[in-house]
Amino acid sequence: MTEKETSQQKPSRHRKATPTKAKRSGHRKRRWPWIVLVTLLVIVAVPAALFGYAYTQYDVPDPKDVQASQVSTIVAGDGQTQLAKLVPPEGNRRQVSLDEIPDYVEDSVLAAEDREFWTNSGFSFTGLGRAVLGKLTGDSTAGGGSTITQQYVKNTLVGDEYSYVRKIRELIYSVKMTNEWSKEEILNAYLNTVYFGRNAYGIEAASNAYFDKDAKDLTVEEGAMLAGLIQSPSVLDPWVDEEDSQARWNYVLDGLVEMGDLDQAERSQMAFPQTRDPSEYSAYSEAPGAYGHIKNQVIDELSRVGITEDQVATGGLKVTTTIDMTVQNASTDAAHAQLEPLQDDARTAAVTIDPATGAVRGYFGGDDPNGWDYANSPLQTGSTFKIMALA
């Protein structure tokens with residue numbers, strides 16, 4: 001063998017062996033699990049870290065510090081006859097404790113809005129899935145995906161602006177509130193603030209708006225009807241769409257049976273309740289006729305002792321006056337009798353005072369509650385009456 005042939009057969013010490021295609025494929029396969037793992041860690045860890053940071057930045061108020069504006073009333077000396085009602089801008093609302101709400105009414109609200117309320121952490125994947133399925137199938141009774149806690153947070157803390165940032169804040173507040181408040185506190189707060197339509201906020205105002213009674217006197221059927229309204233109050237009012245309202249009512253009752261809170265045999269015997277004619281009910285501030293001037297005098301008198309008009313209008317007060325309805329009605333009738341034969345622009349006023357105590361028993365300043373109060377106007381006393389005043 002020649003020297004040339006021998007040198008051609010010797011392998012080069014500096015030449016690297018080229019990896020085969022199979023080896024290259026094997027390396028890539030081994031890298032894929034690591035890539036997937038790292039990607040998953042980033043997807044999970046980064047949002048979790050951001051959520052954890054944001055969780056520390058939001059403070060949930062103490063339940064007793066969350067004050068909701070409530071309706072105030074001014075009544076006569078009998079403590080019953082309503083002279084005026086002052087409704088705050090936030091709407092008609094009266095707060096009640098859970099002890100004043102029947103269990104079946106509470107259960108109806110849970111059946112309608114959040115069947116996992118007692119066990120969820122402030123949000124519910126099941127509820128979200130049910131809402132999505134309802135959207136896909138066109139089931140209008142399926143409800144939304146927000147828990148009761150989320151709804152309360154939206155109504156009182158973050159607002160209803162449609163944005164991802166607002167939704168994230170809502171979720172954080174809901175989880176944190178579930179950790180810091182008891183479930184009973186959350187449910188009570190929700191039942192006192194949720195909107196039922198007819199400008200009624202909270203179960204007590206809704207009971208009056210639809211059934212002319214207190215929440216403690218609601219029947220199972222009535223409680224289920226009110227609970228069904230929450231999803232879409234203006235649409236599900238029976239006076240607007242009775243068919244859809246009944247469908248939602250049936251959904252709530254079926255939910256009560258499913259949750260074990262209502263017997264099927266009892267449920268089968270239930271009939272859809274009749275509701276109050278909306279025209280018979282006023283959810284807005286009112287002080288008809290001469291009562292409007294009494295209301296103004298009460299507000300003025302309270303302001304002199306440090307209670308502002310805003311506090312009166314939003315504080316849920318019941319102000320009992322010294323007005324005696326027998327005297328009040330007699331004063332009004334006497335004023336009308338004196339004015340009847342006179343020209344249309346004639347005016348009069350009448351104030352009856354108890355001389356022993358100085359208490360005002362009757363007050364008539366005119367029939368227009370928003371007009372001039374002739375009982376409190378700076379007009380000169382008639383000459384005939386001067387003799388009586390000086391006697």
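Of note:
- Filter result for Leu256 (buried (at least 19 other Cβ atoms within 10 Å of the Cβ) and touching a Phe, Trp or Tyr at 6+ places or on another chain (Cβ under 7 Å)): no
- If the condition is being of a type in the set (Gly, Ala, Ser), more than 16 Å from Leu229 (Cβ to Cβ) and part of a loop (DSSP other than H, G, I, E, B), then segment 68-115 contributes Ala68, Ser69, Ala76, Gly77, Gly79, Ser97.
- Residue within segment 246-260 that is of a type in the set (A, V, I, L, M, F, W, C), at pLDDT below 95 and within 22 Å of the chain's Cα centre (by Cα) present: no
- Filtering segment 205-256 to residues that are hydrophobic (A, V, I, L, M, F, W, C) and outside any helix (DSSP H, G or I) leaves Leu218, Ile230, Trp239, Val240.
- The listed residue being hydrophobic (A, V, I, L, M, F, W, C) and more than 35 Å from the chain's Cα centre (by Cα), out of Leu302, Leu339: Leu339
- Residue that is farthest from Ile148 (Cα to Cα), among those in segment 224-236 that are crowded, with 21+ Cβ neighbours inside 10 Å and of a type outside the set (Gly, Ala, Ser): Leu236
- Helices (runs of 4 or more DSSP H) wholly inside segment 274-391 that include at least 1 residues being at pLDDT 80 or above: 291-303, 309-314, 325-339
- For segment 293-325, the candidate set comprises residues that are without any contact (Cβ under 8 Å) to a residue 40 or more places away in the chain and charged (D, E, K, R); within that set, the residue that is surrounded by the fewest Cβ atoms within 10 Å (Cβ to Cβ) is Arg304.
- Conditions (1) surrounded by 16 or more Cβ atoms within 10 Å (Cβ to Cβ); (2) in contact with a Leu (Cβ under 7 Å, 6 or more places away or on another chain); (3) of a type outside the set (S, T, N, Q); number of the one not met by Ala346: (1)
The values are calculated or read from the model by the stated rules, or taken from the named source; none is laboratory data. Remember, it's a predicted structure, so these values are computed and weren't measured experimentally. Backbone-built Cβ (ideal geometry, glycine too); neighbour counts: all protein chains shown.
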